[in-house]
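The values are calculated or read from the model by the stated rules, or taken from the named source; none is laboratory data. Given the structure is predicted, the values throughout are model-derived calculations rather than measurements. When we count neighbours, we look across all protein chains shown, and the Cβ atoms used for this are built from the backbone with ideal geometry, even at glycine. Remember, those area values only see protein heavy atoms, side chains included, never the ligands or the DNA or RNA. Shrake-Rupley method; radii C 1.70, N 1.55, O 1.52, S 1.80 Å.
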Amino acid sequence: MSARSLAVVSAGLSQPSSTRLLADQIAAATRDELARHGETVEVRAVELREHAHDIVNHLLTGFPSPALREVLDTVTGADGLIAVTPIFNASYNGLFKSFFDLIDADALTDRPVLVAATGGTARHSLALEHALRPMFAYLRAVVVPTAVFAAPEDWSGGTADGALRRRIERAGAELAEQVRRRPASTGPADPFALTGSFEDLLGGLRDS
């Protein structure tokens, strides 16, 4: 059986980061659910703060650094994606949006995605539905029904508590189910791959 891969993108700016903590706990719940069904899982964590300068340079020049190219391939080639951002001014932060602006429009088509966020107050939880979910719907990803939001009062000794724990487990199970329903990913799409045979391409040129 092929190993499944989970890309876990967190856009926290501080160190340590509650956003990364939430991402790790969701990833663990998803991994455990997949393992319960006999799936081997590789979790690949991406902290966007480590690539902030490369992200800006790519936006300005149109070319990724080798390190950022590897990160983009990790995200677009994974079987499932967990995307977690802090909420600033009622929406995802700029680093999170800038990174996903670099993703090719078709690269996440039919890819299972779990969205999550952290914020200083539970009132920010609405950003999951009016900002994150529409963005991934535009990218034609399959966003699982349960989104996860964590406010400061949801943490107890650095671990998810009560209702947050239950929501993490439910969302992780939904993501695991969507991953299991699909064949294992063969990696990121090759941008130079031919979409048809060489003969077909030549025929199209002759007809034009």
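State the label only: which of (i) 67, 42, 29; (ii) 65, 36, 29; (iii) 83, 48, 29 corresponds to Cα extents along the principal axes in Å computed from the shown model?
Only one listed value fits the structure, namely (i).
In whole percent, what relative contact order does segment 1-75 give with Cα contacts below 8 Å and a gap of six or more residues? Please report the intermediate quantities before stating the final value.
Details: 76 pairs, mean separation 27.4, N = 75.
RCO, segment 1-75: 37 percent.
Hey, can you grab everything whose amide H is under 5 Å from the amide H of VAL143? Only 5+ residues off in sequence or another chain; H modelled, so Pro and N-termini drop out.
Close amide H contacts, sequence-distant or interchain: VAL113.
Output the peptides 85-93, 48-56, 3-11 sorted from most to least packed, where packing is the average of other Cβ atoms within 10 Å over each peptide's residues.
Final packing ranking: 3-11, 85-93, 48-56.
Carbon and sulfur atoms: what percent of the 1.4 Å accessible area of the chain do they account for?
Values: 5670 of 10730 Å².
Using a 1.4 Å probe with all protein chains present, the chain comes out at 53 percent carbon and sulfur.
How big is D, in µm² s⁻¹, for segment 103-167 by Stokes-Einstein at 25 °C and 0.890 mPa s if Rh is the Kirkwood radius over C-alpha pairs? Mind dumping the intermediate values first?
Working: Rh = 12.9 Å.
Translational diffusion coefficient: 191 µm²/s.
What shape does segment 1-94 take by its C-alpha gyration tensor, where a ≥ b ≥ c are the square roots of the eigenvalues and a/c under 1.5 counts as rounded, a/b above b/c as prolate, and the rest as oblate? All intermediate terms of the calculation are to be shown ahead of the outcome.
Details: a/c = 2.72, a/b = 1.40, b/c = 1.94.
It is oblate, given that a/c is not under 1.5 and a/b is not larger than b/c.
Viscosity 0.890 mPa s, temperature 25 °C: give me the Stokes-Einstein translational D for segment 87-134 in µm²/s, with Rh taken as the Kirkwood radius over C-alpha pairs. Let's see the in-between values first.
Details: Rh = 11.8 Å.
Taking Rh from Cα pairs, D becomes 208 µm²/s.
Just report the Cα centroid separation between segment 116-147 and segment 1-71, whole Å.
After rounding, the separation between the Cα centres reads 17 Å.
Over the chain, calculate the relative contact order: mean separation of alpha carbon pairs under 8 Å at least 6 apart, over the residue count, as a percent. Don't skip to the end; give the middle numbers.
Numbers: 343 pairs, mean separation 50.9, N = 208.
Relative contact order for the chain comes out at 24 percent.
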